[in-house]
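Working notes, structure below.
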Amino acid sequence: MANSRAFALVPLLICVLSCHAAVSYAAAPVPAKEDFFGCLVKAIPARLLYAKSSPAFPTVLAQTIRNSRWSSPQNVQPLYIITPTNASHIQSAVVCGRRHAVRLRVRSGGHDYEGLSYRSERPEEFAVVDLNKMRAVSVDVKARTAWVDSGAQLGELYYTIAKNSPVLAFPAGVCPTIGVGGNFAGGGFGMLLRKYGIAAENVIDVKVVDANGTLLDKSSMSADHFWAVRGGGGESFGIVVSWQVNLLPVPPTVTVFQIPKTVREGAVELVNKWQLVGPALPDDLMIRIIAFGDTAKFEGMYLGTCKTLTPLMTSKFPELGMNASHCNEMPWIKSVPFIHLGKQATLFDLLNRNNTFKPFAEYKSDYVYQPVPKTVWAQIFVWLVKPGAGIMIMDPYGAAISATPEAATPFPHRMGVLFNIQYVNYWFDEAGGAAPLQWSKDMYRFMEPYVSKNPRQAYANYRDIDLGRNEVVNDVSTYASGKVWGEKYFKGNFQRLAITKGKVDPQDYFRNEQSIPPLLAK
């Protein structure tokens, strides 16, 4: 938990920073007849700028939207889209935005579940900085590090790492089309979470443009600022241009298995057993569950060979009946498309940025600390066959992800967590959302007695606007309104995030409906 006594100098620092900020923003007079676009084109090539009136604007806006619920014109859309190719373009966008009272929202991969990186629920003038053109990845095998731009997708990062070394990897999300910037900013976990934790805790440096338009790195930013951008969610603390990460060892061969079990085949009993076994397995073994209809699919990845895995499974989880016939041995990099797309997937699928799967979707999440009763699992499978039913993805914790102290990063879901639940619901007709949305709402309510409490926790990267929205008073998001949803994502770390926001962006320039509000000393 963040210790408020560690911030005894906050009042003085906030006063100094606030005064400095006010002077900085007021010091640059607005040239006669200059508007926001006119300011931009002085520093950014016009080919990288798209006004709302531009014929290409709808295509560029929709290019990486993954949730079709937020692609309709009824959503409050940006006035401009800026597609920078270097950090100086981002700096200029911030300076121009401050000068002309145009806020910036930032998009990396477009997987933002609520679309707040490119839409606004409240009427306001804003532009989107779309990092699609900034996706360089540079690997240093000797140092076991890499620099990756925020606009790169995870698949591009994984592919480039493996191209340089087949025995190095990085622990981030499962889906290859997720943008690096958004994934790292909210935590980032996948099939290596039990071995190496989350992406954010393996970040060792960043390049970030702050609310003054200054380009910072770890050496020139405060320790709190560096802490906040690695898991504190979104663009609340500036625009992260690129990330330096530690690369981590994996064996030449990993083993993947997928074992579906229906209710008739004992799914209820197996899931009931898994909730205790999964978090207690050795850190080299990850077994998650995708539950849909009357089926639970047990999906595992083991950092080793089938020969070693089969006796381990016989010892630790014999009820599942895993044997050598279930094994799929491969290099780690091939396990990424295999798990995401299936046996027919290839490495080139990791580089595919033209994702045509863009359903209408609703997402929610939970954390489980106490075993769910077996009778409740039976009821859950009844829920999963109801009209409008979605699916449940359950990731076991324990090992590395649970060993890190809660306050080490903003991501607080650590010791004691058995597993995380993601509730996912898709539909493909804009008018067909009533039943799926109702199911998601009812299922979430049904699960309340069996998940974390005070607060009921959620994962920041599974953004859920139903948890709460910021209220803006005197042009600043209020701490009280942010705390409602913020403690669900960040628990006791939320206050430290808000204090840090008050230091680095006291005027709340970088904001959306669920951005960290500034907590200013009275």
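The values are calculated or read from the model by the stated rules, or taken from the named source; none is laboratory data. Note that this is a predicted model, so its numbers are computed, not measured. Cβ placement follows ideal geometry from the backbone for every residue including glycine, while neighbour counts extend to all protein chains displayed. In case anyone asks, the SASA skips ligands and DNA or RNA and just uses the protein heavy atoms, side chains included. Shrake-Rupley method; radii C 1.70, N 1.55, O 1.52, S 1.80 Å.
For Arg463, are the conditions met, namely being in contact (Cβ under 8 Å) with a residue 40 or more places away in the chain, open to solvent by 10 Å² or more (accessible area, probe 1.4 Å) and among the charged types (D, E, K, R)?
For Arg463, the condition - in contact (Cβ under 8 Å) with a residue 40 or more places away in the chain, open to solvent by 10 Å² or more (accessible area, probe 1.4 Å) and among the charged types (D, E, K, R) - is met.
I'm told Trp70 meets every condition in (1) under 20 Å from Leu40 (Cβ atoms); (2) surrounded by 20 or more Cβ atoms within 10 Å (Cβ to Cβ); (3) of a type in the set (Phe, Trp, Tyr) except one. Can you identify the failing condition by its number?
(1)
Six or more apart or on different chains, Cβ atoms under 7 Å: show the pairs whose first residue is in region 201-221 and touching a residue at least 60 places away in the same chain (Cβ under 8 Å) and basic (Lys, Arg) and whose second is outside any helix (DSSP H, G or I) and surrounded by fewer than 21 Cβ atoms within 10 Å (Cβ to Cβ).
Close Cβ pairs satisfying both conditions: Lys207/Leu215; Lys207/Asp217.
Against the condition open to solvent by less than 50 Å² (accessible area, probe 1.4 Å), under 23 Å from Ala267 (Cβ atoms), among the aliphatic types (A, V, I, L, M) and in contact with a helix residue (DSSP H, G or I) (Cβ under 9 Å, 6 or more places away or on another chain), how does Leu320 come out, does it pass?
yes
So which residues in region 425-452 are of a type in the set (A, V, I, L, M) and open to solvent by less than 40 Å² (accessible area, probe 1.4 Å)?
Passing the criteria: Met443, Met447, Val451.
Do you know which residues across region 274-289 are touching a strand residue (DSSP E or B) at 6+ places or on another chain (Cβ under 6 Å), open to solvent by 10 Å² or more (accessible area, probe 1.4 Å) and assigned to a helix (DSSP H, G or I)?
Once the filter is applied, which keeps residues that are touching a strand residue (DSSP E or B) at 6+ places or on another chain (Cβ under 6 Å), open to solvent by 10 Å² or more (accessible area, probe 1.4 Å) and assigned to a helix (DSSP H, G or I), region 274-289 yields only Pro279.
Are any residues in region 241-265 open to solvent by 20 Å² or more (accessible area, probe 1.4 Å) and not hydroxyl-bearing (Ser, Thr, Tyr), and if so, which ones?
Listed by number, the residues that qualify are Gln244, Asn246, Leu248, Pro249, Pro251, Pro252, Gln258, Pro260, Lys261, Val263, Arg264, Glu265.
Any chance region 290-297 includes a residue that's part of a loop (DSSP other than H, G, I, E, B) and either surrounded by 17 or more Cβ atoms within 10 Å (Cβ to Cβ) or touching an Asp or Glu at 6+ places or on another chain (Cβ under 8 Å) (or both)?
Scanning region 290-297, I find no residue that is part of a loop (DSSP other than H, G, I, E, B) and either surrounded by 17 or more Cβ atoms within 10 Å (Cβ to Cβ) or touching an Asp or Glu at 6+ places or on another chain (Cβ under 8 Å) (or both), so the answer is no.
Of the conditions (1) assigned to a strand (DSSP E or B); (2) open to solvent by 10 Å² or more (accessible area, probe 1.4 Å), Asn420 clears all except one; give me its number.
It is condition (2) that Asn420 fails.
Count, please, the residues in region 385-408 that happen to be crowded, with 20+ Cβ neighbours inside 10 Å and assigned to a loop (DSSP other than H, G, I, E, B).
3
Report, ordered by the first and then the second residue, all pairs with beta carbons closer than 9 Å, sequence separation of six or more or different chains, a first member in region 432-446 that is over 14 Å from Lys386 (Cβ atoms), and a second member that is open to solvent by less than 10 Å² (accessible area, probe 1.4 Å) and outside any helix (DSSP H, G or I).
Pairs found: Gly433/Asn425.
Is there a residue in region 501-521 that is open to solvent by less than 10 Å² (accessible area, probe 1.4 Å), assigned to a helix (DSSP H, G or I) and closer than 23 Å to Ala223 by Cα?
yes
Restricting region 466-500 to residues that are outside any helix (DSSP H, G or I) and among the basic types (Lys, Arg), which is most open to solvent (accessible area, probe 1.4 Å)?
Arg469
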